[in-house]
Structures are given as structure tokens and as C-alpha cells.
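Data block below; observations after.
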Amino acid sequence: MRNGLISILIGILILLNIVFKIELGLNSTLLIIFSLIFLIDGLNFKKMKGERFGSLIFGIFLILEAFKIIPILSFWQIILVLIASYMIGHGLYSAFYSGTFLFSTKNDMPKEFKIPYNKLDKEISLNIDADWTKINLNSNNIEHALIAKYISNSKIYNMSLNNDENIITFKNKINVTSPKIPERAKVRLQLNKNILYHLNSDLNVADVFYDFRETNIKDTYISATASKIVIIPIDKSDSTMDINLEISSLTIKLPRNIGLILTHSGDLNFKTFEGLIKTESGSYISSNYDNSEYICHLTISSDVSKLNVVII
């Protein structure tokens, strides 16, 4: 097919020269012929590679050279332009077409991991250390201590899930040697409602939703940098949460049967304390505090972060 197109275009050039008296010198004619060869080779999108982009670039250059739109170059200068065209084409293909240079890469197929439940274990420490990860944590009627449904690009992330003497550790760290910007990893963590968990989270550029309502998490520590966090506290017992924020957004969605004592230190660029009353000590309590069934003690230290507290 490509040979046929080349023959047609060469025939058109001959007709233009004979019928319309468009005079083209031998050099210009040869440049046009070769430019058409390179352009047609570059337009083979079904087998797109870096070389195809190089052919397109060099073909366009030869067209400009043939019609003297750019200064006339020597033979060796044209060879250098040929080499440069293929180098640029390879770079453009890597950056924009293959998805393996600077732009977002696709995640692998989802995977599921299960931590068995030993009925002798009444308490478990759960550690989460995650970068550039979307996390959804809640509780369900499961027979395991933890079920993790995980999806990420294994070439970009180093993920591990370990269980060692009542300590479960989930890590999802970006490979620092990779130049790629990956699609955000995603994990859903399901907890056993019959186990008492102590949660410790270290979050970096994460998007987190912690729904503690059906869980048995009574104490939580979170350190977050450049992250978005939404938390619904446990609604079946008292609980404590200690949260350290750096350039992050935190939203506390408070169940109506939970009273809140909020102590805050640091800088906030925005805050909404819906249904909260400021005390003489500078802390806040929820308007339903006196009639609440349980109390959540929340301590927040922040640096240039956003805090939002709402009663649901």
C-alpha cells in the first residue's frame, strides 16, 4: 500500500511539472520524493514506534528544504538532522505514546491478601505506611484478622503486608528510583469487628477514608503530609485520636450519639466547627456532649492545614 502511495505522489509531481509548468530542480524533486517516503513511513500508526515519529519529523524537514522555506543545508548537515529527528522521535514516543516516561502509568490487576485470625489474639496493632495511595478502611463480618484488596503498578510501588506477633503492617511505598508519575494505588482494608485494633498511620500524599463505626478501634494515631483524610469515629465506645497534620485536609464526620472533645494546636488556614462550643480552656466540645452515649477525645496538631468537623 505504501509503495502504491509513493508511486501516486511521484506521478502527481511529474504532472505538476508538465501540465502546470511548476519547475522543480533535480535536487528539489529528489528531496520531495524522499520526504514522501519518510512521511508515509511515519504515518503507519498501526505499528507506531519512536522511529515512526522520527520519520515524520525528517519528512517534514525535507519538504521545507525542498521548497526552500529553510536555509539550504549541506549533505552532512542533512545527515545530522536525520539523526536528530530520530532521537527526538524516540523521546516523543517515550513521553507521550508509550506511557513509560513521565506520564501516568496503568495499575496492575487487583490482588487480595488475607491475614488469618487467631482467636487467642484479642488485640492487634495495625500500622499503615503509605505514599500516593487511596485507602478505604472499614469493618465487616469477616473470619480473618484483616482482608486487603489492593491495586497498584508493581513496577512503581513496593507493597508489603506482614503479620508478626499481633502486629500487622501494611506498607505501600513509591520506588524512589522511578522517573514515572504513577496512577494512585488503591487499597481497601476490612477489619474483624471482634478484634480490638490500635491504629498507627503514616500518610504521604494519600487520600484516606477511615470509617470506624463498625470497627473496634479505640485509639488512633495519624501523621499526615499533603494528604486528604476523612474519619468517622467509632460509635459504640469511647475512643481517642491523636492526629498530626502538615499541609493536609482533615474532615471529622461525627455520629450524633458521639460527644467530642477537641483540642487543637498549630496553624489552620480554614476551619469549620459545626455544632461545637468553645470552652474557656480553648478546647471545643460538641453541642450533644451532655446527652451523648460515648466520647471521642480528638487531639490535633497542624501546620498550614484545613480542618472541618461536622455532625452527621
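The values are calculated or read from the model by the stated rules, or taken from the named source; none is laboratory data. Since this is a predicted model, take the numbers as computed values, not measurements. With ideal geometry, Cβ positions are generated from the backbone for all residues, glycine too; neighbour counts draw on all protein chains shown.
Inspect the stretch 46-65 for any residue being at pLDDT 65 or above, within 30 Å of residue 146 (Cα to Cα) and of a type in the set (S, T, N, Q) and give the result as yes or no.
No, the stretch 46-65 contains no residue that is at pLDDT 65 or above, within 30 Å of residue 146 (Cα to Cα) and of a type in the set (S, T, N, Q).
Inspect all residues belonging to the stretch 164-171 and state whether any of them is within 25 Å of residue 232 (Cα to Cα) and either touching a Cys at 6+ places or on another chain (Cβ under 7 Å) or buried (at least 18 other Cβ atoms within 10 Å of the Cβ) (or both).
yes
Looking at this structure, is residue 277 part of a strand (DSSP E or B), free of Cβ contacts under 8 Å to residues at least 60 places away in the same chain, in contact with a Ser or Thr (Cβ under 8 Å, 6 or more places away or on another chain) and β-branched (Val, Ile, Thr)?
For residue 277, the condition - part of a strand (DSSP E or B), free of Cβ contacts under 8 Å to residues at least 60 places away in the same chain, in contact with a Ser or Thr (Cβ under 8 Å, 6 or more places away or on another chain) and β-branched (Val, Ile, Thr) - is met.
All but one of (1) closer than 26 Å to residue 305 by Cα; (2) aromatic (Phe, Trp, Tyr); (3) out of contact with any Asp or Glu (no Cβ under 6 Å at 6 or more places or on another chain) hold for residue 157, so report the exception by its number.
(1)
Of 253, 278, which residue is surrounded by fewer than 20 Cβ atoms within 10 Å (Cβ to Cβ), under 28 Å from the mean Cα position of the chain (by Cα), more than 30 Å from residue 157 (Cα to Cα) and of a type outside the set (Asp, Glu)?
None of the others qualify; the one that does is 253.
Which residues, taken from the stretch 247-260, are assigned to a strand (DSSP E or B) and polar (S, T, N, Q)?
The answer is 249, 251.
Given the condition closer than 28 Å to residue 254 by Cα, assigned by TED's automatic domain parsing to the domain that holds residue 255, not hydroxyl-bearing (Ser, Thr, Tyr) and not in a loop (DSSP other than H, G, I, E, B), answer yes or no: does some residue in the stretch 149-164 qualify?
yes
Under 6 Å by Cβ, and 6 or more places apart or on different chains, what pairs join a residue from the stretch 201-220 that is closer than 17 Å to residue 184 by Cα with one that is part of a loop (DSSP other than H, G, I, E, B)?
203/227; 205/132; 205/226; 206/227
Can we say residue 165 is on the phi > 0 side of the Ramachandran plot and among the charged types (D, E, K, R)?
In short, yes.
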